[in-house]
Every structure is written in structure tokens, then in C-alpha cells.
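Asks: Below are the C-alpha cells for one structure; questions will follow.
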Amino acid sequence: MFAYVLRRALWSVPVILVSTFLAFALVKEMPSEPFTDNPKLAPSVRDNLRELYGLDDPYLKQYADFVTDLVQGDFGLSTKPGHREVREVITETLPTSMLLGACAFAFAAFIGIGLGVISALKANGITDYVITFFATMAFALPSFVVATLWVSGKIYLPPPIGTLQFEFPYGWDSWGDRIGPILVLGLSIMPYFTRLVRSSMLEALQQEYITTSRAKGLSWRRTVVRHALRNSMIPTVINAGPLFAFVLTGSFIIERIMIVPGVADLFIDAFDSPVDSRMVLATTVLLSVLIVVLNLIVDMIVAVLDPRIARD
Amino acid sequence: MSVNLRKIGATLAVLASAAFIAAGCGGDDEGGGGSSDLAASQDLVIQIGDETEAGVFDPPKTSYLDTVNRNSALFAALYRYNDDASELVPYAAADLPEISEDGLTYTVKLRDDASWSDGKALTADDLVYGIQHALDPATGAYFASFMLDIVGACEFNSGKDAAKNCTDRELTDGKPESIGVTATDDQTVEFKLNRVVPWFDQLMTLQTFTPLRRDVIEKFGDDWTDPKNIVTSGPFTLASYKPKSEIVVTKNDEFWGADDVELDKITFRMISEPKTAYREFERGRIDMAFPRTAIDAADVAKVKTEDFYVSAPSTETQYAYMNTRSPELADPKVRQAIAIGIDRPSLVENVTQRGDKPMNTITPSGIPNYDVMAQGSQDFIGAEDGPNIDKAKGLLEEGGWDANDTIDVYFSSDSGSATQVAEQMQSDLAKIGVKLELKPTSGDVLSTVGFGISPVKESVNIVLQGWVADYLDGQNYYQLFTCDAVDVGLNTANYCSEDYDKLYAEALKTVDADDRAQIYKELEAKLTGPDGDMPAAPLYQPTNDTVVATYVKQGGEKFKIASTGLIYYDDLSITADKDS
């Protein structure tokens with residue numbers, strides 16, 4: 001088991017290195033140079049800025065500097081006006097996004113898995129149809145539409161219903177406000193859990209070991225929890241890793257619309273021209289590290305759920 | 001100023017609009033009130049953008065309009081504009097600057113009752129240090145660009161590249177002490193210039209001319225703007241800063257005019273999404289929004305008639321620059337034809353939908369002496385009347401237009417309504433027989449065709465771009481068409497005329513504003529007049545607008561939006577209507 005984890009962990013190093021280089025190369029290839037879109041800058045001011053960011057250094061030196069800084073936890077300076085330290089900007093905002101993501105994820109997993117199990121157990125019954133209908137709805141509605149409707153406080157329906165007015169919480173000042181973004185973000189990923197759990201559970205329920213354990217006299221409840229659910233969790237966990245990363249990256253629209261002071265919004269601003277190269281790099285690298293780490297954790301959990309995997 | 005507010009998250013705005021259109025988005029009347037009694041609590045909540053720069057408090061490092069303006073509550077500028085931005089009024093300065101006869105020396109006397117929030121007196125040395133800090137290459141201030149005509153400023157700002165960048169002068173040793181800004185006594189600062197800059201007094205309203213405390217900055221380094229370290233000179237001082245969430249400033253009792261400041265506290269809430277900002281206003285959770293950040297163009301029609309909606313023309317322009325070096329547009333008659341073939345009234349009514357003003361001049365209204373300058377154009381374009389198709393066709397014929405030619409129009413599709421503007425131009429000009437091909441691009445990618453860095457390439461025919469006034473003098477606009485501006489990509493039309501440059505050089509030497517306006521009038525005639533060269537077709541003058549609850553008063557009266565978009569917070573108060 002330890003060797004397995006170590007092997008996976010060592011594999012992450014080249015993955016992260018390659019992703020930093022790819023990110024760096026792609027940002028460099030963008031047909032965009034900071035400080036050139038502003039014709040109001042005097043040559044001396046533009047020179048100062050280019051020097052401040054080392055933009056005139058050779059390509060590989062820029063990459064080496066970037067990686068050296070990165071290893072020391074220094075993400076460099078944002079190329080947006082005011083050139084704040086990227087690390088500072090990220091540490092100001094990342095915890096909020098993590099909290100939002102974690103809460104939404106927990107909510108989605110809890111409700112989603114529960115609904116998935118019920119759906120599978122009552123397969124093709126009315127409960128199953130209702131759950132599937134709502135899961136599909138939540139799946140189909142883009143989160144920015146839900147977030148916008150949520151915040152707008154109004155929805156126009158055909159007569160005789162007319163305008164529906166409501167006031168939902170949003171924002172991040174108090175836990176009362178936070179329910180809004182957490183629910184909206186949670187709802188956007190909940191169907192993944194429901195659908196995954198439902199299908200893998202249905203598959204598990206048809207396996208011979210279920211019949212065997214029932215034949216051995218195990219109660220239906222214990223059979224479902226100890227065998228069916230446990231085995232159907234493997235694909236769910238494998239998919240949950242990237243899903244968690246998606247929650248963190250995919251929440252940017254929700255953060256913007258629902259006034260959550262998170263990091264995801266920075267990502268959009270960073271791509272707003274002129275591209276904030278260091279910010280884009282930092283967020284990209286952070287996300288790839290996050291995905292690699294999450295995958296590592298997923299591998300470990302899967303190894304626990306099914307020890308055969310680690311032995312291979 | 002380089003206002004990027006509207007660019008922020010344009011795509012998102014579009015997505016969100018779609019949803020909001022579905023949701024509907026009416027405006028509840030905030031209720032007006034005639035009472036001038038002040039409210040129990042003078043706490044104002046205003047929305048601003050949440051871009052990275054919102055966390056920047058060091059004055060010369062700021063550049064976005066809302067950040068610069070928020071800082072004006074904290075740091076007293078030397079000068080401000082009056083209500084209609086027609087003239088300067090002294091603020092931290094005691095009087096308007098004394099200008100020497102040769103126009104090269106400006107003497108500024110500071111108020112003798114100005115002091116810092118820690119009680120120390122504000123002195124001439126603080127101003128001298130503020131200038132040095134703004135010019136320091138390590139500060140990387142964008143707006144240092146406007147200070148380089150001060151003796152020794154370019155040299156200090158350029159460091160080792162001084163010989164390359166500062167060609168128009170005798171070089172100094174490049175040390176900060178050699179900058180021509182000196183304290184002659186505790187209250188007096190003398191500015192020495194390399195050349196006459198008739199609008200130099202206006203530049204002194206900028207954030208780079210802010211007195212700053214050397215002891216505080218040297219002691220705390222970059223952390224000097226932390227709420228616990230910061231020392232301010234304006235009507236407010238920084239109480240707290242919650243990243244991407246809110247900034248709270250409270251009244252500075254050491255401020256010289258503290259007795260007249262009504263507001264006790266201002267909360268700047270960072271909300272980038274206009275739809276959400278507007279909703280927060282509806283819910284009464286913000287009292288006002290920063291100009292242009294709370295209402296999408298599509299929603300303006302819905303709130304236009306409400307008491308809480310305020311708007312006024314901005315000192316800003318939108319042009320279609322026509323590249324005089326591109327073979328298709330080499331003939332001035334062809335450029336004139338294109339200029340008068342555009343339907344401006346329809347452009348502002350149907351496309352931008354913000355109450356913008358059709359334009360027939362290079363300089364926008366709101367620039368002092370605009371009326372004089374505008375005479376130069378003789379309304380050749382007929383901005384308010386719509387296109388004159390017959391006249392345009394006639395001009396095309398005179399200019400030898402080849403109907404097989406296609407004109408490429410470059411514009412930044414990520415900002416505002418440029419795409420729709422280009423589309424309308426395409427259909428308008430098709431009516432006079434000019435075919436346009438649209439080349440949408442991203443703002444900074446325009447630099448790949450030369451914009452902003454080098455002469456714009458010959459293959460580029462038209463570029464849609466705007467210009468926001470940095471100071472209120474016609475020069476700010478007429479500089480865009482000089483030969484010198486070609487090399488740096490500022491003169492997007494690549495227009496170069498010896499006559500024009502000669503007149504322009506004369507204007508630069510003319511210190512008297514009225515005399516200068518007469519020269520500007522001639523410059524305007526050379527550009528947009530009947531015999532002009534029309535290197536750029538003025539399209540429209542954008543509008544500044546916002547929502548302000550009717551209980552927020554400015555100098556005791558209804559809030560008026562300034563053409564500069566700036567808000568002077570010490571003039572604001574909240575009436576008792578808010579409590580009811």
C-alpha cells in the first residue's frame with residue numbers, strides 16, 4: 001500500500017512540472033503583451049514595467065525564474081495596474097473559494113448520494129422518476145442562469161400566475177447569506193452524484209455476490225450498505241476528485257453574480273485583456289496541483305475501498 | 001484615465017443578461033424626498049468594482065477610475081474640478097498655482113491648516129516626496145507618464161535608459177534630488193518644467209501629485225497602506241479592508257474641513273456584476289453605485305425615467321480611425337464620405353442605447369472652450385441629422401473610390417458595444433457602396449497591428465477606438481493626430497501633416513487658454529471641417545450614468561454626475577428620508 005502511494009506521489013512531480021511548462025508556454029504564446037494596449041504609457045514607464053516583470057529576459061530564463069519563484073512560493077507580481085503580489089491576492093481569496101467549494105461539495109455529496117441510493121432501490125418506480133426528473137433539471141440548467149434568477153428576485157411566468165417575487169439570500173457576509181451560493185453551487189453538481197450512484201448501484205445490485213450475501217442470511221439493509229453501496233462508491237469516488245476541482249474552478253460565475261469574495265473570479269479578470277500572465281500562471285499551476293493532489297487522495301481512497309487495486 | 005471597468009467580464013455580463021432578461025428586471029422607486037434634514041446615521045454604502053486593483057491604496061499605483069476616486073477620499077489632491085468641471089479649484093493647495101511668465105515655473109502654496117490623520121502638519125516636503133515616489137521606477141506608476149515634462153523627471157524614471165527615452169532636454173544626473181520639484185519653504189513647492197505645458201495645473205489634480213509621508217513609507221515599505229499603518233491627508237481615513245468584499249473609510253477628524261464633512265463612514269462594496277449591483281441597490285443594501293458599473297446598457301431604458309437614475313455626457317469619445325497610409329483610404333474625400341455615411345442617431349439610439357451623444361468633432365463637449373473648438377468642424381458631418389447618402393456618394397466619386405475595394409475594420413470585441421457598432425457601420429456604409437469586413441479582436445491584440453506601440457500597419461483600414469480625457473484640455477485629443485504620435489502607435493490614423501503639426505506646436509506654446517482654444521479651432525477644422533482631412537470619424541460621446549438613492553445629496557442638492565465620472569465624497573450627505 002505504501003509503495004503504491006509513493007509511486008503515485010512520485011508520478012505527480014513530472015505531471016506538475018509539465019503542466020507548469022505548458023501553462024507557461026501557452027501564456028507566452030497568447031497574442032498579447034502586457035503594457036502594449038495602453039498607448040498612454042510613456043516609453044520610460046513602459047520600460048520600467050517590462051523590467052519589473054523581466055519581460056525582456058530570454059524565454060528560458062523567464063521560465064527558470066518562474067519555476068524558481070514558484071518553488072519558493074512566490075508567484076510574482078500581477079501585471080494588472082497596481083501590480084500586487086499574486087501570492088497575496090490568492091491567499092486573500094482562495095480560502096473563501098475552498099470553503100464555498102467544500103460546503104457545496106459536502107451538500108451535493110450528501111443529498112446526491114442519498115437520492116442516488118433511493119433512486120436505485122426504487123428503480124423505475126414513481127420515486128425514481130421524480131428524482132431523475134429533478135436531477136436532469138438541475139443538470140440541464142447552467143449555474144449562471146440559476147444564480148442570476150436566484151439573485152434577481154423575480155421570475156416572470158405565463159398568466160395567470162404572473163410575476164413571482166422572492167428574496168433569496170446571497171453574499172458572503174453571514175452564514176445566512178452563504179446558504180445561497182452554497183445551495184446554487186451544490187445543486188449544479190448534485191446530479192452527478194445521483195446519476196453515478198444510481199447507475200453503479202443498480203449494476204452492483206445485479207451482481208452475484210449480492211445474491212450470495214442474501215443467501216447467507218445477511219439482511220437486505222446490511223447487504224445494501226456493506227456490499228452494494230461500498231462497491232458502487234468506487235466509480236463515484238474516482239469521479240469525485242475531478243468534480244471537486246470543478247467545483248473550485250466552475251464556481252467563478254456564481255462567485256461573481258452572488259458576490260462571493262473568492263479566487264475564481266480572479267481567473268476571469270486575469271484573462272481580461274491585457275492578460276495578467278503571472279496571475280493566469282499561478283491559478284493554472286494551483287489548479288493543476290490541486291487536481292494532482294485530489295487524484296492522489298482519490299487513488300488512496302479507492303485502494304482502501306478495493307485493496308486489489310493497490311496490489312496490481 | 002484608462003477606464004477598463006466596462007471591459008471587466010464582458011462575456012459574463014452577456015451571459016448574465018440573457019438570464020436576467022428572462023427574469024425581468026424592473027426598478028422599484030426608491031421614493032424621493034424634499035426634506036433636507038440629515039439622517040441619523042451618515043453611513044454611505046457605495047458599490048465599486050472588485051478588480052485586483054481595489055486592494056491598492058498607494059496613490060500613484062492606482063489607475064482605474066473607481067480606485068483613483070476611492071483614494072480621493074483618503075488623500076487630498078492639490079486641485080479639483082468645480083461642479084461642471086469647467087475650472088480648477090484649490091484643495092490641498094491654498095490657491096491656484098502661480099505661473100511664471102515663461103510658463104516654465106509653477107509655484108504651489110499648500111494650505112497652512114492641512115494636516116495628516118496622525119496630527120502632523122502636511123508640509124511642502126511631503127509633496128516633494130510624493131512626486132519622487134510617483135516617479136520612482138520601482139513604483140511602476142502608469143500615470144508617471146504625465147509627469148515627464150518636469151525637469152529631471154524622465155531621467156529619474158528612466159534610470160539607465162535616460163539617454164534613449166529623454167531626448168528633448170539636457171539630461172540631469174537622474175537622481176531623485178535633481179527632479180525640478182523643490183520646497184522653497186514649509187508651505188511652498190516650486191515645479192520647474194522642461195517645456196511649456198499649458199495644462200500643467202490640470203495634471204496636478206492627478207493621483208501622482210499627492211503629498212505622501214516619507215517616514216511612513218520608509219518604515220513600513222509596501223505595508224504602509226495597511227489600515228493599521230496608513231496615514232492619510234483627505235477627509236477620510238482607512239478603517240478596514242476586506243479583500244474582494246469591502247473597504248471602509250471613516251471621517252478623518254484631523255482633516256482641515258472636517259466640520260463640513262457630513263458623512264461619518266463610507267463603505268465601498270466590491271461588486272463587479274452590474275446585475276447584482278443593481279439588485280443590491282433595489283434591496284437598499286447600497287445607496288449608490290459607481291458610474292457605469294451598475295446598469296447594463298440593455299437596462300437603461302427601464303430606469304431612465306426614475307429619479308434615482310442620473311446621467312451626463314462623459315469627457316470621452318469613440319472614433320473610427322481611418323488609416324491614411326492604407327491605399328484604400330488615402331484620399332481625404334473617401335474618408336469624409338465614410339464619416340458622413342454613418343448613421344449616428346441610430347447608433348446611439350439602437351446600438352449603444354445609453355443616451356450617448358452623436359459627435360461631429362474630435363474633442364468632446366465638457367472640455368473647456370469646447371464651443372470655440374467645435375466651430376472648426378462647422379458640423380460638416382451633420383452628426384444629429386443622420387447620414388447624407390447623396391453627399392457621401394458624391395465624395396466617394398471625387399475621391400476615386402474603387403467599388404471593388406473592401407475596408408477591414410478592427411475593433412476590440414471584448415469591450416462595450418464595439419461589435420454592434422461595427423455591424424451597424426457595415427450596413428450603413430453598404431448603402432453608399434463601401435463594403436466593410438469586420439475584424440473582431442481582443443483589446444491588447446490590437447497591438448499586433450501596431451496600435452499603441454508602433455505605426456499601425458498599412459493593411460489595417462479602420463480601427464474603432466475611444467479616448468478618455470486624462471485632463472481637460474483640447475491638446476489631450478489633438479495630440480492624437482500629430483506626426484510624432486505616429487511612431488508610438490498613438491496616432492492610429494497615421495495622419496501626418498506639416499501644417500497641422502505647425503499649428504499644434506503653436507498651441508503648445510500658447511499659455512492663455514482662450515488664445516489656445518482659437519488654435520484648437522483651426523486644428524479641428526483641419527480634421528473634421530469641410531476642407532479637413534478626416535483621419536478619424538467621430539462617432540459618439542459616451543454617457544456616464546449610475547443609480548443614486550434620492551436621499552443621497554451632493555452639497556445639499558440632488559446628486560449630479562460629473563463629466564469626469566469623479567465623485568467628491570466630502571460633498572455628500574444623507575437626508576432623513578433614508579430613515580423613514
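The values are calculated or read from the model by the stated rules, or taken from the named source; none is laboratory data. What you see is a predicted model; the values in this text were computed from it and never measured. Here Cβ is always computed from backbone atoms with ideal geometry, including for glycine, and neighbour counts include all displayed protein chains. We work out accessible area using only protein heavy atoms, side chains counted, and drop any ligands, DNA or RNA first. Shrake-Rupley method; radii C 1.70, N 1.55, O 1.52, S 1.80 Å.
Asks: Grab the Cα-Cα distance for B:D113 and B:A430, subtract it from 0.36 nm times how many residues apart they are, and report the gain in nm with one decimal.
Replies: The B:D113-B:A430 span can extend by a further 107.7 nm.
Asks: Additional query: Can you pull the one-decimal nm distance between simple spin-label points at A:R226 and B:E101, each 7 Å off the Cα toward Cβ?
Replies: 10.7
Asks: Quote the FRET efficiency, to the nearest 0.05, computed for B:D83 versus B:D260 with a Förster distance R0 of 22 Å and r equal to the Cβ-Cβ distance. Before the final figure, lay out the partial values.
Replies: Working: r = 16 Å, r/R0 = 0.72.
Once the sixth-power term is evaluated, E becomes 0.85.
Asks: Grab the beta carbon distance between B:K160 and B:T182, set R0 = 35 Å, and tell me the FRET efficiency rounded to 0.05.
Replies: Plugging the Cβ-Cβ distance into 1/(1 + (r/R0)^6) gives 0.90.
Asks: Right, something else. Could you tell me the calculated FRET efficiency between B:N229 and A:Y129, based on Cβ-Cβ distance and R0 = 60 angstrom, to the nearest 0.05?
Replies: Numbers: r = 63 Å, r/R0 = 1.04.
In this case the efficiency is close to 0.45.
Asks: So, one more: For B:D408, enumerate residues with amide H under 5 Å from its amide H, sequence gap 5+ or separate chain, H modeled in the peptide plane.
Replies: Sorted by chain and number, the residues that satisfy this are B:E437, B:N461, B:I462.
Asks: Leaving out ligands, DNA and RNA but keeping every protein chain, what accessible area does B:M359 have, in Å² rounded to the nearest 10, with a 1.4 Å probe?
Replies: 10
Asks: Using only atoms on other chains, find how many Cβ atoms lie within 10 Å of each Cβ of peptide B:267-276 and report the average. Each step should come with its number before you reach the end.
Replies: Details: counts 0, 0, 3, 3, 4, 7, 10, 0, 6, 10.
Averaged over the peptide's residues, the number is 4.
Asks: Just to confirm, what accessible area per residue do you get for chain A at 1.4 Å probe, in whole Å²?
Replies: 48
Asks: I would also like to ask the following. If the limit is 30 Å between Cα atoms, which of B:K192/B:K553; B:K242/B:K302; B:K265/B:K357; B:K244/B:K578 go over it?
Replies: Working: B:K192/B:K553 40 Å; B:K242/B:K302 33 Å; B:K265/B:K357 36 Å; B:K244/B:K578 27 Å.
Pairs exceeding the cut-off: B:K192/B:K553; B:K242/B:K302; B:K265/B:K357.
Asks: Can you compute the helix-only [θ] at 222 nm over the protein assembly as shown? Use -39500 (n - 2.57) per DSSP H run of at least 4 residues, normalise by all residues, nearest 500 deg cm²/dmol.
Replies: Helix contribution divided over all residues of the protein assembly as shown: -12500 deg cm²/dmol.
Asks: How would A:I126, A:I90 line up by accessible area, probe 1.4 Å, largest first? Working shown, then result.
Replies: Numbers: A:I126 130, A:I90 5 Å².
Sorted by accessible area, descending: A:I126, A:I90.
Asks: Something else now. Cβ under 12 Å from B:V56's Cβ, B:V56 left aside: what net charge do those residues give with Lys, Arg +1 and Asp, Glu -1?
Replies: Cβ neighbours under 12 Å give a net charge of -3.
Asks: B plus A alone minus the pair: what accessible area, both sides summed, probe 1.4 Å, in Å² to 100? Please report the intermediate quantities before stating the final value.
Replies: Numbers: alone 23220 and 17630 Å², together 35610 Å².
So the total buried area for this chain pair works out to about 5200 Å².
Asks: So how exposed is A:L202, as accessible area in Å² (1.4 Å probe, rounded to 10)?
Replies: Rounded to the nearest 10, that gives 40 Å².
Asks: To the nearest 20 debye, what is the magnitude of the charge dipole of the protein assembly as shown about its Cα centre, counting +1 on the Cβ of each Lys and Arg and -1 on the Cβ of each Asp and Glu? Could the numbers behind the result be given before it?
Replies: Working: 76 positive and 124 negative charges, 1179 e Å.
Roughly 5660 debye for the protein assembly as shown.
Asks: Please compute the average number of Cβ atoms from other chains found within 10 Å of each residue's Cβ in peptide A:87-93.
Replies: Averaged over the peptide's residues, the number is 3.
Asks: Starting from the Cα of B:K120, step 7 Å along the direction of its Cβ; do the same at B:D499; then give the gap between the two resulting points in nm.
Replies: 5.8
Asks: Give the Cα extents of the protein assembly as shown along the principal axes, in whole Å, largest first.
Replies: Taking the Cα atoms of the protein assembly as shown, the three principal extents are 107, 70, 66 Å.
Asks: Can I ask one more? In terms of modelled amide H atoms, which long-range or inter-chain residues lie less than 5 Å from the amide H of B:A93?
Replies: B:R111
Asks: Keeping every protein chain in place, order A:V13, B:V216 by accessible area at 1.4 Å, biggest value first, i.e. largest first.
Replies: Correct descending sequence by accessible area is A:V13, B:V216.
Asks: OK, next. Using per-residue counts of other Cβ atoms within 10 Å, averaged over each peptide, order B:154-163, B:493-502 from highest down.
Replies: Most protected by this proxy first, the peptides run B:154-163, B:493-502.
Asks: For the full complex of protein chains and a 1.4 angstrom probe, list A:W150, B:W199, A:W220 by accessible area with the highest value first.
Replies: Solvent-accessible surface, decreasing: A:W220, A:W150, B:W199.
Asks: Further, regarding this structure: Hey, any idea what % of the protein assembly as shown's accessible area is carbon plus sulfur with a 1.4 Å probe?
Replies: 55
Asks: Under unit Cβ charges (Lys, Arg +1; Asp, Glu -1), what dipole magnitude, rounded to 20 debye, does segment A:1-131 have relative to its Cα centre?
Replies: Result for segment A:1-131 is approximately 480 debye, rounded to the nearest 20.
Asks: A further question follows. Which helices of chain A meet both criteria: a Cα extent of 20 Å or more along the helical axis and a mean Kyte-Doolittle score no lower than 1.0, with helices taken as whole DSSP H segments?
Replies: Qualifying helices: A:2-29, A:86-121, A:126-140, A:277-305.
Asks: Further question: Within segment A:134-159, name every residue whose backbone N is under 20 Å away from a label modeled 7 Å from Cα of A:S199 along the Cβ vector.
Replies: Correct set: A:134-142.
Asks: Just tell me how shielded A:48-57 is by partners: mean number of partner chain Cβ atoms within 10 Å of each residue's Cβ, no decimals.
Replies: Averaged over the peptide's residues, the number is 3.
Asks: Let me ask something additional. Given a 1.4 Å probe and the protein chains all in place, what does the accessible area of B:R335 round to, in Å² to the nearest 10?
Replies: 10
Asks: Assuming a ≥ b ≥ c are the square roots of the Cα gyration tensor eigenvalues, decide whether chain A counts as rounded (a/c under 1.5), prolate (otherwise, with a/b larger than b/c) or oblate.
Replies: oblate
Asks: Now for a different question. Indicate the gyration tensor shape class of segment B:296-393 (rounded, prolate or oblate), computed on the Cα atoms with a ≥ b ≥ c the square roots of the eigenvalues: a/c under 1.5 is rounded; otherwise a/b larger than b/c is prolate and the rest oblate.
Replies: prolate
Asks: Another question, if that's okay. Report, in whole Å, the centroid distance computed from the Cα atoms of segment B:523-580 and segment A:282-312.
Replies: 55
Asks: Could you check the simple spin-label distance between B:E349 and A:F110, using points 7 Å along Cα→Cβ, in nm with one decimal?
Replies: Distance between the two pseudo-spin positions: 5.8 nm.
Asks: Say the dipole of segment A:91-259 comes from +1 at the beta carbon of Lys and Arg and -1 at that of Asp and Glu; which of A:I155, A:N239, A:S188 then lies farthest toward its positive end?
Replies: A:N239
Asks: Along the charge dipole of segment A:91-259, which of A:H227, A:T212, A:M201 sits closest to the positive end, that is, farthest toward it, with unit charges on the beta carbon of Lys, Arg, Asp and Glu (+1, +1, -1, -1)?
Replies: Among A:H227, A:T212, A:M201, the one farthest towards the positive end of the dipole of segment A:91-259 is A:T212.
Asks: Aspartates and glutamates within cross-link reach of B:K304: Cα-Cα under 16 Å, excluding same-chain residues under 8 positions apart?
Replies: Candidates past the 8-residue exclusion: B:D28, B:D29, B:E30, B:E282, B:D296, B:E349, B:D356, B:D545.
Asks: Also, quick follow-up: Among A:W172, A:M258, A:F105, whose Cα lies farthest out toward the positive end of the dipole of segment A:91-259, if unit charges sit on the beta carbon of Lys, Arg (+1) and Asp, Glu (-1)?
Replies: Final value for the positive-end residue is A:F105.
Asks: Then there's this: Taking the Cα centre as origin and putting +1 on Lys and Arg beta-carbons and -1 on Asp and Glu beta-carbons, what dipole magnitude results for segment A:211-309, to the nearest 20 debye?
Replies: The dipole magnitude comes to about 1100 debye.
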